[in-house]
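One structure is given here, and the rest of the page talks about it.
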Amino acid sequence: MTHQPHLTYIGHATTLIELAGVRLLTDPVLRRRVAHLNHRHGPTAPARYQHIDAVLISHLHYDHLDLPSLRLLGQTTRLIVPRGAAKLLRGFRHVE
């Protein structure tokens, strides 16, 4: 079975990338509101971020590294983060 590449824009810097059967979520902000950011249609439905293979965090600003959103994904989610971020992610098991 061939997997077609697919991008789903969720909001701000959050995008779900599906490529070759891998689901990568960028800078997840899954709550209704984070500071000045407001999802007009409410928080992201949990079904949209189930079965994520990895999360990519681009940088450490609060609107890209939202700890409550990462906790929604679960502490076993693989996180790919910039240098210096690991100390902020205690409790998460797979931090690269």
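Just so you know, in segment 10-31 the residues that are within 12 Å of residue 49 (Cα to Cα) and without any contact (Cβ under 8 Å) to a residue 24 or more places away in the chain include one that is nearest to the chain's Cα centre (by Cα), and it is 15.
Which members of segment 8-48 meet the condition of being assigned to a strand (DSSP E or B), modelled with pLDDT under 70 and aliphatic (A, V, I, L, M)? Matches in segment 8-48: 34, 37. No other residue among 51, 94, 61 is at pLDDT 90 or above and either under 11 Å from the mean Cα position of the chain (by Cα) or not polar (S, T, N, Q) (or both) apart from 94.
Restricting segment 55-95 to residues that are touching a Leu at 6+ places or on another chain (Cβ under 7 Å) and part of a strand (DSSP E or B) leaves a set whose member that is surrounded by the fewest Cβ atoms within 10 Å (Cβ to Cβ) is 94.
The values are calculated or read from the model by the stated rules, or taken from the named source; none is laboratory data. Here the structure is a predicted model, which is why all the values come from computation and not from measurement. Using ideal geometry, Cβ is built from the backbone for each residue, glycine included, and neighbour counts are taken over all protein chains shown.
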